[in-house]
Structures are given as C-alpha cells and as structure tokens.
Amino acid sequence: MTALTAREAGLVACLACHLVSRPAQPRASMRCPRCRAPLHSRKPRALGRTWAFLIAAFILYIPANVLPVMDSNSLFMSSSDTILSGVRYLWKSGSPVTASIIFFASILEPMLKLVGLTALALSVQHCGLRIPARRGAQIYRMIHVVGRWSMTDLFAAGILAALVQSPTLAEITVGPGALAFGLVVVLTMLASLSFDPRCLYDTERADCG
Amino acid sequence: MADPLIACPECDTLQREIPLPRGGHAECCHCGEMLYRSARGGLSHIVALSIAALILFLIANALPIAALDLGAAGYAETTLAGTVAAVRDQGRFLVALMILWTGIVAPALEIGAMVYMTVPLWLGHCPEYLSVAFRIAPMARVWSLMDVFMLAVAVALVKLGDLATVSPGPALWAFGALIVVLTLIGTLFDPREIWLHAEANKAGRMVAEARQ
Amino acid sequence: MRRGPRWPSWLIWLVPIVALTFGAYLGLRALAERGPTIEITFKTAEGIEARKTKIRYRNVDVGEVRAIRLSKDRRSAVVTAQMTREASDLLGEDTKFWIVRPRVSGGSVSGLSTLLAGSYIGMDAGKSENTKREFVGLEQPAIVTSDVPGRTFVLRADDLGSLDVGSPIYFRHIQAGQVAKYELAPDGRAVVLRIFVNAPYDQMVRRNTRFWHAEGVDIDVSAAGVKVDTQSIASILIGGLAFQAPPDEPEGPAVEADTTFRLFANRGQAMKPPESGLLFTLLFNESVRNLAPGAPVDFRGVVIGEVKSIGIEYDPVKKRAFVPVVARIDIERLRQRRAGSGGEPPRLDPKMFVDRMVERGLRAQVRTASLVTSQLYIALDFFPDAPKAKVDWTRTPPELPTLTGSLQELTVTIGNIAKKLDKVPFDQIGNNLNATLKSANAVLDELERETVPELKGTLEEARRTLDQVGKAAGSVQQMAAPDAPLQQNLGGTLDEVSRAAASFRALADYLERHPESLLRGKKKDAP
C-alpha cells in the first residue's frame, strides 16, 4: 500500500480541528489557521517526554504500592490499607466484584499501562523490539481508554475521608501512598498524551522502504 | 471544489474527505482508525445536550454525593467539593488538587467550552474566543473523570457498608445522567461541524453587512 | 455504513428540559425546606464546625451551622444556623440551645453518640408565641426538656457532696429523675438543688417523702451490725439521690411541683422517725467504750430511743467518776395498751408514769449488741430484784436509775469466743474451695475440648456458675478476714452455690443418660 502521509506531502494536520494545512514557514512555531492551535507534524519531542514521564511513574509506582493509601483509625482498631491490602480486605469481606474492579483499576491497569507504554516507546526506538504498527496503535488506544479508571481508588479514599471524620471514634485519612498513586496515574496519562502514535507508523514505513 | 484533505490522527495518512450518509462514519484506509462521523441531528442536538450537561453538572456539585447514616449517632454527608476540602484539610494538598482538577475543574471546562461554542453558533453568532474554547474542550475531556468518580462512590459505599449505613446521595443521579449525556455528546459531536457553522455564520454576517 | 434510527430532531430538547425540571425541583424543594436563619451566642464554639454541625431536636436534624464568628466584644462565639422550615414553629423566646459534647460528668456518660459524628447543638422547643431569631446558648445541656413529663422539686442540702447536674435520682433503685440545677442558698448556709422527677415517679413524691444522698456505698456500722446499702453501680461512682417515704408510714398527701424538701445525708437519717420522747440522763460507772451517740435505746428488742451524748463527771460526794449518758427515750411507748384490751389508756402524768415504772424495777443497762463489732446499746428492762432507786427529777435532764451490766464477764466470754473463732481456718476453707473450683474448671475445659458442641451450652452455663461460685468463694474469704463483718447476708452466696450445684446436676444427668454423647455427640432426633 502506498498511502501518502501528510508529512510526506509537506502538510500538517491539526490535532484539534483536523484541518490539513500547508505551513508557511516550516521552522517557525506554527498555528492552525482555523483554530489557532499549535501545529506540529509530530508531537514535539514525543519520545523524550514520554520517557521522562514514564521513568517518573516507574519510580513512584513503588511507593504507590507500598505506602498506605488510606488510614482508618477507630476506637477499637487502627489500620493502614495499601492498595493491595484494600483489595484483599474487600475480597475477604464478601464483595468480590468490587475487589475485582479495584484490582483491575488500581493494580493491573497501571502496571499494564507502564509496560505497554514502555513497549511502545522501545518499539519506536529499537528495530529489534518492533511491534507491528497496527497492534501498537491498538495498544495505545486501549491505554488511552482504560487509563483513567485508575483514579477510582484515590477518589474512593477521598470520599471516605470526607464522610468518616470524627477524631475520637473513627477517622479515615488519605495516606501518603495516595499521593504517589495519584501521581503515577497523572504521569502515565501525561506519558500517553505525549506519545505520538504516528511515530509507530513512521518507523514501520522507514523499515518498509 | 474538490473534497477536502484529511490526515489520519493516528497514522498521518492523507485521505480525501467524502460526504457520508446520515449516521455513517469514515475509517482510515491505512490503519482503520475512525476518522469522522456524519453529524446526526446537527448542532441543535449538541446544544441541547450541552445545556443539559451544564444543568446536571450544577446539580451534581450542589448536592451530596454520599451520606453516612449512623442512626441516632449522627449523619454525615459530603459533596464533591466537600471531598476535596476534606482531603486538603488532611494535609494532602496535591491529592486534593488532583481530585479538584479531574472531578470538578476539567468537567466544568469541558461543559463550559461546549456551551460557549455551540449555543452562539446555533443562534447564528460566532463566539469571540471560539478557537480557545475549541482547544480547551478536548484537552478537558481527557482529564474529566466524572465517570470514574461515580465508580469511586460505589466502591466507597461498599467499603463502608459493613461499618454503617451508607447511602448514595441525590447528586449521584445527576452524576449518572451527566455521564450519559457526556457520552452522547462524545458520540454525536463532530468537531468539524463547529467550523462549518462558524464559517457559515461569518459568511452570513458578511452577506448581511454587504446588503446594508 | 450504518444508518442510525431517525428521531424527530426536537426530541433531543427533552434532555435539557428534563434536566432543568430535575434541577428546578431540587432547587425549589431546598428553598421550601429552608427555614429562618438564627444566631446563637455561646461562650465557646468548641466542637462546632461550619456547614457540618447540626442542630437537633428530639434527635431530628432541624438545622445546620452555617458560620461561626466572634462576637463584637470578642467575649463569645456567635453561631449562625440555617433552620429547616418545620423548625420555625419551634423557635420561641424561650427556646433553649446547648452544645452536646461527650460528657462523662454527672449522671452518666452522655453524648456518646457525639463521639462518632461530632458534637451537635441540642435544642429544646419553646412554648412562647413570640418568635425570636437571636439566642444565647446554655453552657450546660438542658437536662430537663420541656417535653419530658414530670415535675421539678427543690431540695435543701447541707452540702452538695459529689452531686452534679445530671446526677441520677433513684426511687426504689429505679432511676426516676435527675438533678437539673444546683446553687448556693442566698444566705450561703445550704445548697439548693432543683431536681426533676420523671412521670410517673413524680407521683411518688409525697408530703412525707424523704430524700437522701445515695452516693457511694452506704456502710452503716451500728449496734445492729453492718448494713451495706447502695442504689446502683453508677451511683457508687458518681453519686446520686434517692427518695422514698418511710416504709411504715401511710402514703402522705400529694404535693405540688417545686415543693421544698430536706436532703438527708443518708438513708438512715432520712428514715429516722421524728424525734419524740423525753431526755434522760443515765449514769454509768463502767466503760462505755463503743457506745456512740446514735446508739439505740431498746426495750426487749424494740428501739424506743437513742443516745444523744456521752460525757464524764466526777461526783465529789461519792468520790467516784461517772459516765453520764444523755438519751432520748420515748417512754410513752411503754404505755401503749395491748390491742384489744379496750379503753383509752389513762392519761397519766409522764412523771408519775416513769416513777411507777422505776418502782416496778425499770432500769437502764449497757449491753453489747454484736459480738463482732462490739457495739453497745442501752437496754431498758424491768429488774424487779434490783435495789430500789428513784428518778432524780432535780437533774436536767432527769436521771433514770441504771444497773451495772454483766458486761465485764461478758467481755471475757466474748474474748474466749473470738479466740476460738480465730482458730477456725476460714482462709484455708476459702482456698480449698477455690482450688476445688479450679480443678472443676479444668475438668470442664477438658470436657469442652473433647465433647461435642451440643454440650457446650450446658458447659458454658456450668462455667458461668462456677465463676460465680468462685466469686462467692472470694467473698467468703473476705468475710473470713479478721476484721470483716460476719453478719453479711450469706443468702446470696448460698444461692450461687446451689445454682452451681443444680447446673452440675443437669450436666451429670445428661451424661448419665447419654454417656455416648461424650464420644459421638447428641443424637439427632428422627426427622
């Protein structure tokens, strides 16, 4: 298939309004003539940014899972729940559905996102680790769609903290792990936003010929 | 005039934009990504839904999202903003900021931008900061996590369930409706339509001025 | 290409219309529920949070604190509250507000619920028609709310003791009310307590009702032995009041609310019949150690008076020291005719009557009432063989002739008995009993481990009873301690023991009938 890309034709597509335009001066900072959005043939320094966010997310992933997300203190007991122990508690207390949702959204999903984005980034950089572009694009789309649900646990902790707050008998506070966890989610979202899926096709095309 | 060019946002392949039948959508011939959709019902649908979303958003923020009933011992309820305030008061400033941004500000920006764009266009005007609103809307949509928040309320209710009687607040209904409306907007809204209308309105005004 | 269903394009407008209706409905409802905004001034706003603290009337939320600020003179906190619509009728000039915080003083641990959900503002509806929007909050919770049926009474006490606002008031060990308020009498010579007695107990307050301090354990060591009286565990810890009419008196006339009563120091004082009789001096020339003011004067077991004071005097004529005991003796009671003998007793002059009695041999004697406590009392009796004596009416109070008691010999006897009692190994008995119980417990443990669950119930019961027996054994030991009063009621202990025995028997019976159940468990009944 000999499809022509906009870049090869010397054109730039606006990511906001999809207008394809021919840039006047290729070097200058360009703006879309219709919606005035900054115009880039490819997202600027896409790989560098993606890596930066990814590495930061990887580092924070450890405290996010080790530190407690939610501390509950009551007259009778006080407990600190990490994400994993929260899932375990929910499973044991007879809500397997909720436990599965949290397990998927808070543990599996960030992990898959980190691994997936790393694989995509590596695929662009190294020939040996290439993922077929269409498969790569699928992974990217999926990451984009499901990535947001990781915030569930953080929100839930916040709601609980707002509801249960009588210092003497029972109090739920948002633990230090919540910050790390929230940052992991935000960073992976930023990483996936900075990644440009068009690069996947670019490298494939470069290989093909 | 030839059909305008369009580039696939995913693989950058240049294609010609062809008119679609009602309800149809175009896919990229190279990677299969959906390129655009035919506008269903046009701008008036989006205007109606945007206004509905705005009203529902206000309701969702004004009413409590969850209530904790301890019988005679007391009663506690929290709104969306109350959640943010509670987390902030616990010293988790950044976490509070994240909830504020994804739960309140981003949805507000998204809905606000939609209303700002579509209502004047529908009435035949061209809003002054159309391009700004146009760029804000998709960015805000990425960060707007209202649906996630709804799930979180459910999770919180389950987690507290064995401790006390927890009931979903009335705002949750508004939340649910809002999420449906936002999803509808997402599927019905075609960003290109904004510019079609904007250009048509501008042209119409120029014609009117010329007539004067 | 897929064709979407064709809806009329105006239909989409239903969505915002529905949303708007929903919003308008909620908004209007909120507006409709909104009542007046009021301001309450408190000394401190401790525990109150804006937009969180509720105002509750009969445990129903009727308002919410909206804002807290300092008053203009910075001496108090002004709380602004948004009331609900239905609360607007409750706001009168006499509506009271107070902050409910967890309190452990006074009658009970109150406001426990506030531990969970934070403090709230309590409210008592006013009856006044005049509406008001600014209130001054009470510093102490209004214990007596206007809607609780009952009446208030006033008590005058010598001192407050450990009473506090909220201290319980008991009627026959049932909590019947609370102390609502206390203050010093204007002259500073008494404490005036305002108490609230709930209906229907307020009907029990009669003209002849006595109130007394029921705080702590009232241990009354007197000639009659040891009397332990307490109203409740709570009253032991925090004090309280009790009231009752003297048991042998008929029901007195009803009283009105706010009637003033005297508060006695203890039940004994409260129940003492009003003093009557004449004062007499009794001169003893023996030891009156252990004879205390208040000791009874009795005639063959019937208390007819009490010792008022004990002194000492030297008679220079006889060159002997005497112990003058002044006692109030209701001599008239000796005159009461036997029922059925008919006729009014002849109205004799008391003097002549006493004279005639003494002539017949009436003498006072110091006797010992209790071997253990060695309390003494004054006994009046007829000793026809006693040497003649006369009442000395010249003395004030008049002197009644006495007889030297056989106290000296008695003391020796008591000493011997005490020595023998000392030799009885109460401690060992107690210890042995305990050891037996322990081993029984161990057997039960064994049984429990090896037996089937069906038996568990019985075992649990047996164990509970054993525990009680253990406790009983403990109290036996305590009683056996050298200085302990022996006159305690042993009935309770015996009851416990017999119950334990019964429980054991039930277990034994069961095992006897179903020995296999130890091995295989109780057989299931055929379905």
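Does B:G112 satisfy the condition of being more than 26 Å from A:L193 (Cα to Cα), out of contact with any strand residue (DSSP E or B) (no Cβ under 7 Å at 6 or more places or on another chain), of a type in the set (G, A, S) and free of Cβ contacts under 8 Å to residues at least 60 places away in the same chain? No, not satisfied. Checked against the criterion of being in contact with a Phe, Trp or Tyr (Cβ under 7 Å, 6 or more places away or on another chain) and closer than 30 Å to A:V12 by Cβ, the candidates A:A52, A:A46, A:A99, A:A105 yield just one match: A:A46. Determine if the range B:120-134 includes at least one residue that is surrounded by fewer than 18 Cβ atoms within 10 Å (Cβ to Cβ), assigned to a helix (DSSP H, G or I) and facing chain A (nearest Cβ under 7 Å). There is no residue in the range B:120-134 that is surrounded by fewer than 18 Cβ atoms within 10 Å (Cβ to Cβ), assigned to a helix (DSSP H, G or I) and facing chain A (nearest Cβ under 7 Å). None of B:A152, B:A208, B:A203, B:A108 is over 30 Å from B:A26 (Cβ atoms), over 17 Å from the mean Cα position of the chain (by Cα) and surrounded by fewer than 19 Cβ atoms within 10 Å (Cβ to Cβ) except B:A208.
Per-residue answers, yes or no, for (1) touching a Lys or Arg at 6+ places or on another chain (Cβ under 7 Å); (2) at pLDDT below 80; (3) over 11 Å from B:V181 (Cα atoms); (4) facing chain C (nearest Cβ under 8 Å):
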| position | (1), (2), (3), (4) |
| --- | --- |
| B:I18 | no, yes, yes, no |
| B:R22 | yes, yes, yes, yes |
| B:E27 | no, no, yes, no |
| B:L35 | no, yes, yes, no |
| B:S38 | yes, yes, yes, no |
| B:S44 | no, no, yes, yes |
| B:A48 | no, no, no, yes |
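Applying the condition of being among the basic types (K, R) and more than 13 Å from every other protein chain (Cβ to nearest Cβ) to the range A:95-147 and asking which residue is farthest from A:R205 (Cα to Cα) yields A:K113. Only residues that are surrounded by fewer than 15 Cβ atoms within 10 Å (Cβ to Cβ), touching a strand residue (DSSP E or B) at 6+ places or on another chain (Cβ under 9 Å) and at pLDDT below 60 were counted in the range C:230-256, giving 0.
Could you tell me how many of the residues in the range A:121-140 are touching a Pro at 6+ places or on another chain (Cβ under 8 Å) and of a type outside the set (F, W, Y)?
Residues in the range A:121-140 being touching a Pro at 6+ places or on another chain (Cβ under 8 Å) and of a type outside the set (F, W, Y): 2 in total.
The number of residues in the range C:322-352 that are within 30 Å of C:S287 (Cα to Cα), hydrophobic (A, V, I, L, M, F, W, C) and at pLDDT 80 or above comes to 6. A residue that is among the hydrophobic types (A, V, I, L, M, F, W, C) and at pLDDT below 85 cannot be found anywhere in the range A:50-66.
When the range C:21-62 is filtered for residues that are within 13 Å of chain B (Cβ to nearest Cβ) and either part of a strand (DSSP E or B) or basic (K, R) (or both), the ones remaining, listed by number, are C:R29, C:R51, C:K52, C:K54, C:I55, C:R56, C:R58, C:V60, C:D61, C:V62.
Checked against (1) out of contact with any strand residue (DSSP E or B) (no Cβ under 9 Å at 6 or more places or on another chain); (2) modelled with pLDDT of 85 or more, A:R148 passes all but condition (2).
The requirement of being touching a Leu at 6+ places or on another chain (Cβ under 8 Å), part of a helix (DSSP H, G or I) and buried (at least 16 other Cβ atoms within 10 Å of the Cβ) is not satisfied by B:I179. For the range C:66-90, what are the residues that are over 20 Å from C:A45 (Cβ atoms) and either without any contact (Cβ under 8 Å) to a residue 12 or more places away in the chain or not β-branched (V, I, T) (or both)? If the condition is that a residue be over 20 Å from C:A45 (Cβ atoms) and either without any contact (Cβ under 8 Å) to a residue 12 or more places away in the chain or not β-branched (V, I, T) (or both), then C:R85, C:E86, C:A87, C:S88, C:D89, C:L90 are the ones that fit. When B:P64 is tested against (1) in contact with a Gly (Cβ under 6 Å, 6 or more places away or on another chain); (2) within 14 Å of chain C (Cβ to nearest Cβ); (3) assigned to a helix (DSSP H, G or I), only condition (3) is not met. From the list A:T173, A:T188, exactly one residue is more than 7 Å from chain B (Cβ to nearest Cβ), touching a residue at least 60 places away in the same chain (Cβ under 8 Å) and of a type in the set (S, T, N, Q). Which is it? Matching residue, one of A:T173, A:T188: A:T188.
The one condition from (1) in contact with a Pro (Cβ under 8 Å, 6 or more places away or on another chain); (2) over 24 Å from A:M151 (Cα atoms); (3) among the polar types (S, T, N, Q) that B:S131 does not meet is (1).
Residues that are within 8 Å of another protein chain (Cβ to nearest Cβ), assigned to a helix (DSSP H, G or I) and touching a residue at least 60 places away in the same chain (Cβ under 8 Å) within the range B:146-176 comprise B:F149, B:V153, B:A156, B:L160, B:A174, listed in sequence order. A single member of C:A389, C:A379 is touching a Ser or Thr at 6+ places or on another chain (Cβ under 9 Å), surrounded by 11 or more Cβ atoms within 10 Å (Cβ to Cβ), at pLDDT 80 or above and outside any helix (DSSP H, G or I), and it is C:A389.
The values are calculated or read from the model by the stated rules, or taken from the named source; none is laboratory data. The structure presented is a predicted model; accordingly, all values stated were derived computationally and were not measured. As a convention, Cβ positions derive from the backbone with ideal geometry for all residues, glycine included, and neighbour counts pool all protein chains shown.
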